[in-house]
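Here's the structure, in structure tokens; my notes come after.
The values are calculated or read from the model by the stated rules, or taken from the named source; none is laboratory data. Here the structure is a predicted model, which means the values were calculated and not measured. When we count neighbours, we look across all protein chains shown, and the Cβ atoms used for this are built from the backbone with ideal geometry, even at glycine.
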Amino acid sequence: MKFNREMFLKNDFRIVVSAFVGISFLFIIVAMILGLDFNGTVNTIQRIMFLSAVYAMVVLALNLQWGYAGIFNIGVAGFMLSGVYTMAIITGDPNGLIPGLGLPLPIGIIGGVLMASLLGLLISIPTLKLKADYLAIVTIGFAEIIRYTANALTFKTFSIAGVEMGTGAGRGIHLPMNPIRGLYYTDPSNLGLGKTVFGEYVFGFFEIVQVQSSVVVSWTYAIVLIFVVGLFYLVIYRIGNSPFGRVLKAIREDEIVANALGKNTDIYKIKVFAIGCGLMGLAGILWQGSYGYTNPTTFQPILTFYIFIALIIGGSGSNTGSIIGGVVFASLLFEGPNFVRRVIMHVFKFDKAPNSIIEAIVPISSLDLGPFVAYSLANISSLRVVFLGLVLIYIIQNRPEGLLGDRKELAASIDISRRPVVETKEGKEA
């Protein structure tokens with residue numbers, strides 16, 4: 001069967017699955033060729049799938065605001081933090097070091113989403129009339145207010161109506177235990193008490209291929225998140241193709257025209273901003289929920305910029321592009337450099353890395369690249385930011401619409417760019 005590229009690119013499901021599977025195979029093939037540890041490779045791919053799903057969820061939520069309605073929200077990290085911390089406070093042990101309300105996890109998740117939506121609603125009412133650049137300043141400032149509030153000693157523990165609770169301040173706050181563990185262990189809080197029947201069977205199977213039980217649990221959580229990404233996509237797709245969504249796209253294209261057609265654009269923007277912030281809060285909960293602990297430094301402004309880079313890569317206005325952008329960013333740009341370091345360190349042996357960039361560059365004059373490579377590998381996390389900047393500059397200059405930005409969803413319910421074919425006596429004509 002001949003490969004039809006145009007038909008392939010029109011199938012969103014194929015594109016997304018191909019991205020996940022293709023990147024996984026890329027890492028597996030490299031690991032097999034070099035003979036890397038299989039358990040370590042499986043764990044690396046798990047982390048890539050996990051982060052890809054997390055970024056895909058947040059980018060989809062941001063695309064609902066920026067790609068659909070043109071709302072320039074630079075406070076993404078703050079709304080994620082509000083969702084996570086609200087969930088932690090609601091579900092926290094009332095007798096713990098940082099007391100909480102002790103309510104069940106589902107109530108905590110719902111409360112976190114509602115709090116993120118409520119904060120989005122409160123900030124949107126007075127600010128959405130601002131132009132894009134001023135709105136960006138306000139949203140990032142609001143996000144920092146949320147982060148500094150969570151970090152303040154004043155709110156480490158406090159009381160409301162006699163009920164003790166707290167944020168833990170700079171020490172952070174504990175989150176409910178990963179519920180996925182309940183599938184594999186009889187008591188998730190004490191793994192030594194034994195495994196469930198399902199856990200015995202699954203762990204026994206993966207022990208044959210030397211994959212550790214902790215990696216199996218992490219993979220299960222990553223698969224659940226990938227499923228949630230699909231739910232995010234369906235929800236936002238339905239919103240985008242509803243009359244409400246078409247008004248949002250009209251606002252993006254020309255808000256004055258949308259107003260002239262009798263649409264109260266302020267109400268639409270407030271609603272979509274609150275919905276998007278709620279989804280960001282949910283994504284933050286699912287992200288940090290696997291760790292069992294979080295702190296305010298996790299939600300610094302650079303997290304928001306990472307999410308925008310992923311959206312730019314995939315293409316603003318395209319839901320499929322949002323997922324692809326999240327996958328490409330998390331796998332190749334965020335985790336990729338660490339994998340490259342692991343590969344290079346496996347193949348080559350280097351002396352101790354120099355302490356400064358000057359000491360690394362000077363030997364190049366004598367054609368000795370070893371110190372520079374060793375320094376680069378030792379500081380790969382810092383240099384990754386430089387690499388991200390270079391990639392962003394290249395994309396903006398050469399493909400500003402992103403990988404799938406050409407599939408930007410239209411405001412009209414039908415494609416009005418194509419004129420219908422009309423039959424005439426002389427024949428067909430457009």
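Conditions (1) on the phi > 0 side of the Ramachandran plot; (2) of a type outside the set (A, V, I, L, M); (3) at pLDDT below 90, marked per residue:
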position: LEU101; (1), (2), (3): no, no, no
position: LEU105; (1), (2), (3): no, no, no
position: ILE109; (1), (2), (3): no, no, no
position: SER117; (1), (2), (3): no, yes, no
position: ILE123; (1), (2), (3): no, no, no
position: PRO126; (1), (2), (3): no, yes, yes
position: GLU144; (1), (2), (3): no, yes, no
position: THR154; (1), (2), (3): no, yes, no
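When THR320, THR294 are checked against the criterion of being farther than 20 Å from PHE20 by Cβ and among the polar types (S, T, N, Q), a single residue qualifies: THR294. For segment 153-162, the criterion of being surrounded by 12 or more Cβ atoms within 10 Å (Cβ to Cβ) and touching a Leu at 6+ places or on another chain (Cβ under 7 Å) is satisfied by no residue at all.
Rundown of residues vs (1) of a type in the set (Ser, Thr, Tyr); (2) in contact with a Gly (Cβ under 9 Å, 6 or more places away or on another chain); (3) more than 30 Å from THR149 (Cα to Cα), yes/no style:
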| residue | (1), (2), (3) |
| --- | --- |
| ILE28 | no, no, yes |
| ASN39 | no, no, yes |
| SER52 | yes, yes, no |
| GLY92 | no, yes, no |
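Of the residues GLY402, GLY389, the single one that is of a type outside the set (Asp, Glu), surrounded by 10 or more Cβ atoms within 10 Å (Cβ to Cβ), modelled with pLDDT of 80 or more and in a loop (DSSP other than H, G, I, E, B) is GLY402.
Going by the structure shown, is GLU359 within 23 Å of GLY22 (Cα to Cα) and acidic (Asp, Glu)? So GLU359 fails the test. Evaluating GLY96 against the criteria (1) in contact with a helix residue (DSSP H, G or I) (Cβ under 8 Å, 6 or more places away or on another chain); (2) not in a helix (DSSP H, G or I) leaves one unmet condition, (1).
Elements of the type helices (runs of 4 or more DSSP H) sitting completely within segment 263-377 and holding at least 2 residues that are more than 26 Å from the chain's Cα centre (by Cα): these cover 265-288, 336-347, 357-361.
Just one of (1) surrounded by fewer than 16 Cβ atoms within 10 Å (Cβ to Cβ); (2) among the basic types (Lys, Arg); (3) under 23 Å from SER24 (Cβ atoms) fails for LYS352. It is (3). Return the residues of segment 187-214 that are hydroxyl-bearing (Ser, Thr, Tyr) and farther than 26 Å from ILE90 by Cβ; say none if nothing qualifies. Result: THR196, TYR201, SER213, SER214.
Per the listing PHE339, PHE329, the residue uniquely at pLDDT below 85 and crowded, with 21+ Cβ neighbours inside 10 Å is PHE339.
You will find that of LEU175, LEU234, the residue that is under 30 Å from SER322 (Cα atoms), modelled with pLDDT of 90 or more and exposed (fewer than 12 other Cβ atoms within 10 Å of the Cβ) is LEU234 and no other.
Within segment 170-184, can one find any residue that is of a type in the set (S, T, N, Q) and out of contact with any Ser or Thr (no Cβ under 9 Å at 6 or more places or on another chain)? Checked segment 170-184: no residue is of a type in the set (S, T, N, Q) and out of contact with any Ser or Thr (no Cβ under 9 Å at 6 or more places or on another chain). Tell me, please, whether a residue that is under 18 Å from the mean Cα position of the chain (by Cα), surrounded by fewer than 17 Cβ atoms within 10 Å (Cβ to Cβ) and farther than 30 Å from GLY166 by Cα can be found in segment 237-245. Yes, that holds for at least one residue.
The residues of segment 362-376 that are under 21 Å from VAL340 (Cα atoms) and free of Cβ contacts under 8 Å to residues at least 24 places away in the same chain, listed by number, are ASP368, LEU369, GLY370, PRO371, PHE372, TYR375, SER376. When the residues of segment 40-91 are filtered to those that are under 18 Å from ILE140 (Cβ atoms) and aromatic (Phe, Trp, Tyr), the one that is surrounded by the most Cβ atoms within 10 Å (Cβ to Cβ) is PHE79. Looking at ALA258, ALA222, can you tell me which residue is part of a helix (DSSP H, G or I) and over 26 Å from the mean Cα position of the chain (by Cα)? After ruling out the rest, the residue left standing is ALA258. Residue check: is VAL197 out of contact with any helix residue (DSSP H, G or I) (no Cβ under 8 Å at 6 or more places or on another chain), over 23 Å from GLY289 (Cα atoms) and modelled with pLDDT of 90 or more? So VAL197 fits the description; yes.
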